[in-house]
1. So is residue 95 surrounded by fewer than 24 Cβ atoms within 10 Å (Cβ to Cβ), acidic (Asp, Glu) and assigned to a helix (DSSP H, G or I) or not?
2. For residues in region 247-281 being in a helix (DSSP H, G or I) and without any contact (Cβ under 8 Å) to a residue 60 or more places away in the chain, which is surrounded by the most Cβ atoms within 10 Å (Cβ to Cβ)?
3. Do you know which residues across region 149-190 are touching a helix residue (DSSP H, G or I) at 6+ places or on another chain (Cβ under 8 Å) and in a strand (DSSP E or B)?
4. Filter region 151-174 for residues that are β-branched (Val, Ile, Thr), closer than 21 Å to residue 127 by Cβ and at pLDDT 95 or above and give the result.
5. Could you tell me which of the residues 105, 62 is assigned to a loop (DSSP other than H, G, I, E, B), surrounded by fewer than 24 Cβ atoms within 10 Å (Cβ to Cβ) and of a type in the set (Phe, Trp, Tyr)?
6. Tell me, yes or no, whether region 223-231 has at least one residue that is surrounded by fewer than 16 Cβ atoms within 10 Å (Cβ to Cβ) and touching a residue at least 12 places away in the same chain (Cβ under 8 Å).
7. Within region 102-142, count every residue that is out of contact with any Phe, Trp or Tyr (no Cβ under 9 Å at 6 or more places or on another chain) and closer than 17 Å to residue 163 by Cα.
Amino acid sequence: MVLKTAFLFPGQGSQSVGMGKELFDHFPEARLVLEKAQSRLGRDYIDVFLEGPEEKLKQTRFTQVALFIVSMAAHAVLKAAGRTADVMAGHSLGEYSALCAAGAFDFETGLDLVKARGEAIGKAAEKVPGSMAALMGLDRAVVQSLCETASAKGICQPVNYNCPGQIVVAGETATVQEAVALAQTAGSPKSVLLNVSGAFHSSLMKPAADAMKSVLAGATISAPAVTVVANVDALPMGDPSSIREKLTRQIDHAVLWEDTLRYLIGAGVETFIEVGPGRVLSGLVRRTDKTRKFSNIEDKKSADALIGAPVVSS
């Protein structure tokens with residue numbers, strides 16, 4: 001029996017200047033992904049993550065496209081080596097990478113969708129400024145309660161349930177600052193404002209969700225060949241209408257990442273592979289269940305290690 005494997009695709013926050021360069025330099029299938037992206041979007045979207053500057057890469061409209069390109073390049077390397085997954089999931093923006101890898105839409109469609117998503121979220125953040133904060137060491141009920149208290153001053157909502165003891169909140173800046181103060185009073189060992197440009201996944205992102213609903217309605221989407229678990233409800237996405245609906249809701253609703261991991265673990269997943277830059281998701285797997293195996297692919301060293309690793313069976 002082959003033990004179940006899940007591919008996890010990272011979202012915003014995992015980016016860095018130079019990401020993917022070793023994959024493009026050493027693996028022809030990754031280079032082909034880069035060339036397709038450049039042909040469709042132009043060199044500016046490529047230079048920003050290969051060469052920087054970092055401040056430009058942090059702009060949402062560039063960040064999201066860059067992460068999608070690098071993640072799909074890493075997946076192309078795995079696919080060429082015959083490495084497959086039984087199930088996939090992606091954190092926020094990474095959900096588009098997961099769906100593309102699972103065959104729900106082709107790479108070019110994915111590029112167009114992610115480009116539109118980044119632009120829509122960027123515009124919403126400019127129109128309605130907001131903030132986010134990571135609250136550490138508190139359970140869900142406590143975070144929900146302090147958000148309700150802070151909301152007396154404006155919008156404040158839990159938006160990323162990342163792992164036990166790590167929940168991100170978002171909303172209007174003064175309200176989020178109040179939530180940080182309340183968290184510290186409640187015993188949080190570390191609660192800090194995040195360096196982001198908007199209140200992602202909060203109700204302040206509704207204009208972006210409305211914009212993406214129209215974009216997704218016109219996109220060619222198929223049922224995925226591999227199961228993809230959604231952020232908004234930690235359940236599999238099935239038919240194209242369900243995918244469109246969940247991708248729309250995802251923008252202004254919370255990412256239930258811990259729930260997603262627990263669903264995958266409950267479904268029998270033993271091995272998690274983070275496909276794309278960074279090791280953020282590997283860390284969240286470790287904090288959720290230390291008994292699971294995890295690895296990643298983001299450069300030549302990690303690719304060589306992963307491709308050379310035997311498929312575990314019993």
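The values are calculated or read from the model by the stated rules, or taken from the named source; none is laboratory data. Predicted model, so just to flag it, every value in this text is computed and none were measured. FYI the Cβ positions are ideal-geometry reconstructions off the backbone, even for glycines, and counts take in every protein chain you see.
1. So residue 95 does not fit the description; no.
2. Going residue by residue through region 247-281, those that are in a helix (DSSP H, G or I) are 247-251, 257-266, 280-281.
In the following step, the residues that additionally are without any contact (Cβ under 8 Å) to a residue 60 or more places away in the chain were identified as 248-249, 262-263, 265-266.
Numbers: 248: 21, 249: 17, 262: 15, 263: 19, 265: 18, 266: 8.
Among residues in region 247-281 that are in a helix (DSSP H, G or I) and without any contact (Cβ under 8 Å) to a residue 60 or more places away in the chain, the one surrounded by the most Cβ atoms within 10 Å (Cβ to Cβ) is 248.
3. Answer for region 149-190, where residues must be touching a helix residue (DSSP H, G or I) at 6+ places or on another chain (Cβ under 8 Å) and in a strand (DSSP E or B): 156, 157, 158, 160, 161, 162, 163, 166, 167, 169, 170, 171.
4. Hits for region 151-174 are 155, 159, 169.
5. Selected residue: 105, the only one of 105, 62 that is assigned to a loop (DSSP other than H, G, I, E, B), surrounded by fewer than 24 Cβ atoms within 10 Å (Cβ to Cβ) and of a type in the set (Phe, Trp, Tyr).
6. Yes: one or more hits.
7. Summing the residues that are out of contact with any Phe, Trp or Tyr (no Cβ under 9 Å at 6 or more places or on another chain) and closer than 17 Å to residue 163 by Cα in region 102-142 gives 9.
This table checks each residue for (1) under 30 Å from residue 5 (Cα atoms); (2) within 19 Å of the chain's Cα centre (by Cα); (3) of a type in the set (D, E, K, R).
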position	(1), (2), (3)
167	yes, yes, no
175	no, no, no
179	no, no, no
219	yes, no, no
232	yes, yes, no
237	yes, yes, no
240	yes, no, no
